[in-house]
Amino acid sequence: MSEKTNLYRLLPSVDGVLERLSEEPDLAARPRPLLKDLVTEALDHVRAAIRAGEVEQGDLDEAALLSKIIDTVRRRSRPHFRRVVNATGVVIHTNLGRSLLADEAVQAVTEACARYSNLEFDLHTGKRGSRYSHVEEILRRVTGAEAGLVVNNNAAAVLLVLDTLCKGGEVVVSRGELVEIGGSFRIPEVMEKSGALLREVGATNRTHLRDYENAITDETVALLKVHASNYRIIGFTKEVSIPELQEIARPRGLPVIEDLGSGNLFDFAPFAFGYEPTAQEKVAQGADVITFSGDKVLGGPQAGIIVGRAEYIERIKRNPLNRALRIDKMTLAALEATLQLYMDPELARKKVPTIAMMTVPPEELRKKADRLARRLRREVGESAAISLAPGASRVGGGSFPERDLETTLVRVEPAGDLSLEALRDRLLAGDPPLVGRIEDEAFCLDPRTLAEDELSLAAGLVAAAFTRAA
């Protein structure tokens, strides 16, 4: 009998490993066919190593091999879409899921998912109702608009508005507002897809009211403004306000549409953020239709919110395209709960995580960073030097592009041969993964985007990364 045959005989059976997995609470709940496939795959990997002469008898200790297989199965059976610890300091991190939901919104989503609901059922008549009724009233109250509608994201909102009100006609837009956002979303291309015709006016940095007025013809169907959420043109600039546009639009029966992009319902002026228009302000200025996102500065779920004059919103609701872009019950539940918090701006500042993280005082972040640093020193010991340094957070999500937020960074400098890149990779492989940033020859954690109950978790993940590297 060959030596390889003897090694093969040392391998446990698939059923034997599965029986051992049944003793692991987190794995016992996984579908058995999935576990069987993963165990078979793990054992096949060991057999391939035996055939290649890479395994000796000492490597096949039963307890050690079972432990290794269990670790492999646990890692491979994790959900692909899962939690990540955000230590980057970017509050609205598009790649990490954008805004976090308030506790009230999370509870509302749980209720919507776990039980039947009145999604499209009118409790007054006992007949079919409209899903949009659940948020339209709160949208009117919060923004001051006559009517509202919600679709699945702001790109969809812009497309639906243009398709409904502008198809086949010319839409006048300032050349300086032909924006592109992430994912190659470009206003000219969305306009083309909607069937509307773009009429550019003005210069990149300066557009005057006369530019709009001179561009209006019998083919004009709307005037469109696009807020520059993710960039700024500064210096010798000029743009035309909503009230000015209405001076020439309303007598001609033309709607004035504004895409606010990331959107905002909170007045950041007291926090020295610089000017950022709110949806309430645009309604008060007289915009006929306004679109904006729900999951950026607003701090809610992904959604495209449309508010404005009732006559236009009703036409938009009747567009058959609206059904293809409609939101589901979970989004409705989360959005309603989030919007309710905005009935009291101070309550929104405390309870909407995005607003809370954006407005936290620098001195509180300093104290939080110090607590994290102390935990890290206890956890990592001599493996790394831990220090504090002034730094900058970002709002993210294409919002406040020029605004750095003062913070205190926790710097981790490995003391041994472990490189910063290797430490980063170890942290990304953690459970849960931790995402930070490499800056000034250190791996940095920003406490702004770490919840208080994540400080000990983050410290443990960093310590575990050094242990795995040892």
>> Can you pull out every residue in segment 438-460 that is within 23 Å of the chain's Cα centre (by Cα) and touching a residue at least 40 places away in the same chain (Cβ under 8 Å)?
In response: 444, 445, 446, 447, 448, 449, 450, 452, 454, 455, 457, 458
> Looking only at segment 63-90, which residues are within 28 Å of residue 439 (Cβ to Cβ) and polar (S, T, N, Q)?
Replying inline: 86, 88
> Out of segment 438-456, which residues are of a type in the set (Asp, Glu) and surrounded by fewer than 22 Cβ atoms within 10 Å (Cβ to Cβ)?
Replying inline: 439, 440, 441, 452, 453, 454
>> Anything in segment 389-437 that is over 16 Å from residue 461 (Cα atoms), more than 22 Å from the chain's Cα centre (by Cα) and surrounded by fewer than 19 Cβ atoms within 10 Å (Cβ to Cβ)? List them, or say none.
In response: 389, 390, 415, 416, 417, 419
>> Can you pull out every residue in segment 171-193 that is at pLDDT below 75 and open to solvent by 50 Å² or more (accessible area, probe 1.4 Å)?
In response: 180, 181, 182, 183, 184
> What is the residue count in segment 119-170 for residues that are open to solvent by less than 20 Å² (accessible area, probe 1.4 Å) and of a type in the set (Ser, Thr, Tyr)?
Replying inline: 1
> Of the conditions (1) over 30 Å from residue 453 (Cβ atoms); (2) in contact (Cβ under 8 Å) with a residue 40 or more places away in the chain; (3) touching a helix residue (DSSP H, G or I) at 6+ places or on another chain (Cβ under 6 Å), residue 38 fails just one. Which one is it?
Replying inline: (2)
>> Among the numbered criteria (1) under 25 Å from residue 429 (Cβ atoms); (2) surrounded by fewer than 15 Cβ atoms within 10 Å (Cβ to Cβ), which one does residue 13 miss?
In response: (1)
>> Name the single residue that is most open to solvent (accessible area, probe 1.4 Å) among those in segment 330-362 being under 21 Å from residue 398 (Cα atoms) and among the β-branched types (Val, Ile, Thr).
In response: 360
>> Anything in segment 375-388 that is touching an Asp or Glu at 6+ places or on another chain (Cβ under 8 Å), open to solvent by 40 Å² or more (accessible area, probe 1.4 Å) and more than 30 Å from residue 272 (Cβ to Cβ)? List them, or say none.
In response: 385
>> Based on this model, can you work out whether residue 201 counts as open to solvent by less than 40 Å² (accessible area, probe 1.4 Å), β-branched (Val, Ile, Thr) and modelled with pLDDT under 95?
In response: yes
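The values are calculated or read from the model by the stated rules, or taken from the named source; none is laboratory data. All values reported here derive from a predicted model rather than from experimental measurement. A quick note on method: Cβ atoms are made from the backbone with ideal geometry, for glycine too, and the neighbour counts reach across all protein chains shown. The area values use the complete protein model at the heavy-atom level, side chains included, leaving out ligands, DNA and RNA. Shrake-Rupley method; radii C 1.70, N 1.55, O 1.52, S 1.80 Å.
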